[in-house]
Amino acid sequence: MKRLMMNADEPGGIGVSETERPQPLPHQSLVKVTAFSLNRGEVGFAQSPDSKGRTIGWDYVGTIEVPAADGSGPQQGIRVVGWRPQMDAFAEYVIGDREYLAVIPDGVCDRQAVTLPVAGLTALAAVDKGDRILGHSALVTGVTGGVGFFALQLAKLSGARAVAQVRRSEQEAFARDIGADAVVVTADGQGFEAEGPYRLIVDGVGGDLIGPLLQVTDKGGTLVSYGVSQSTETSINLMTLFGGGGQRRIYGLTLYSEVEVEPSSVGLGRLLRLLENGRLQVPAITEADWSETPQLASDLLARKFSGKAVLTIQ
């Protein structure tokens, strides 16, 4: 079969290889992939010379080709969506572990479902960290990205007053279209206080934004950090944690360990039901054949399109 591999010498850091079809264990199924979606994290990894020769890909959607031999999991022909912690989903066939996949309901199409796994599950886990956010304000940074896009909607569905952060004023309408009750236009944190304090903050920017975000975290509130698109380094005044009664916390979130709290199969089921019921939007989709993955990967890193890139396998 064909699979995509990381190769910094190729356009977009991605090349094509011929490999053996994977062989599932008795508790695993074999999935014939029909589409996958790109995430900035995996595409960023592919740019490093050290990653050359590694497999690539988290999110996939497909049909069960060979059901699990032990009888667990979906049966042959069933549509499923999932992700691969092993990062090898960009291929014609992948192993399906039942803890990391969910059956797609009839009311959801493949290209909608495949936008959910890494971005949607990260957003869901982040919002779940909020303590009693019903009726309180929640701030989500970077709502034009996949995780922020889902997190803002999920915070509002949880009963919070959803506040979005965007960098440019022309992005304000986008934030309101996906449900923002208020929008703060800032690149450095100036203005956060106008809509705060916040019982929950979901941030994927990191860097110099962490200090201002912590300052507007309410007593008993949580700042969830899931990414560092600006920088991995930050400086904070620890008195910010203690002042005003304290009880604030910073939670470092990675999806790889969140599966210990809730299996991805359960989280995906929650998201799929919201999607099927029309309560959750998916990002704008740029669709192409998987042969165009290198170009779409380059465009993603260059921010030439918004939303999610979905690559289909015929």
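The values are calculated or read from the model by the stated rules, or taken from the named source; none is laboratory data. Here the structure is a predicted model, which is why all the values come from computation and not from measurement. All Cβ positions, glycine included, derive from the backbone under ideal geometry; neighbour counts span all protein chains shown. With ligands, DNA and RNA removed, areas are computed over all heavy atoms of the protein, side chains included. Shrake-Rupley method; radii C 1.70, N 1.55, O 1.52, S 1.80 Å.
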Of the listed residues (V61, V80), the one being at pLDDT 95 or above, buried (at least 21 other Cβ atoms within 10 Å of the Cβ) and over 17 Å from I285 (Cβ atoms) is V80
Qualifying residue in the range 120-142 (condition: under 18 Å from the mean Cα position of the chain (by Cα), acidic (D, E) and either open to solvent by 10 Å² or more (accessible area, probe 1.4 Å) or under 26 Å from Y60 (Cα atoms) (or both)) = yes
Looking only at the range 206-221, decide whether some residue is touching a Ser or Thr at 6+ places or on another chain (Cβ under 9 Å), within 19 Å of V147 (Cβ to Cβ) and in a strand (DSSP E or B). yes
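This table checks each residue for (1) within 21 Å of the chain's Cα centre (by Cα); (2) of a type outside the set (A, V, I, L, M, F, W, C).
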{"residue": "L38", "(1), (2)": "yes, no"}
{"residue": "F45", "(1), (2)": "yes, no"}
{"residue": "V61", "(1), (2)": "yes, no"}
{"residue": "A68", "(1), (2)": "no, no"}
{"residue": "G82", "(1), (2)": "yes, yes"}
Here the residues within the range 162-188 that are small (G, A, S) and exposed (fewer than 14 other Cβ atoms within 10 Å of the Cβ) are S169, A173, A187
Being open to solvent by 50 Å² or more (accessible area, probe 1.4 Å), in contact with a Phe, Trp or Tyr (Cβ under 9 Å, 6 or more places away or on another chain) and either farther than 18 Å from L272 by Cβ or at pLDDT below 95 (or both) narrows R54, R40 down to just R54
Apart from one, (1) among the small types (G, A, S); (2) under 26 Å from G146 (Cβ atoms); (3) free of Cβ contacts under 8 Å to residues at least 40 places away in the same chain all hold for A91; the odd one out is (3)
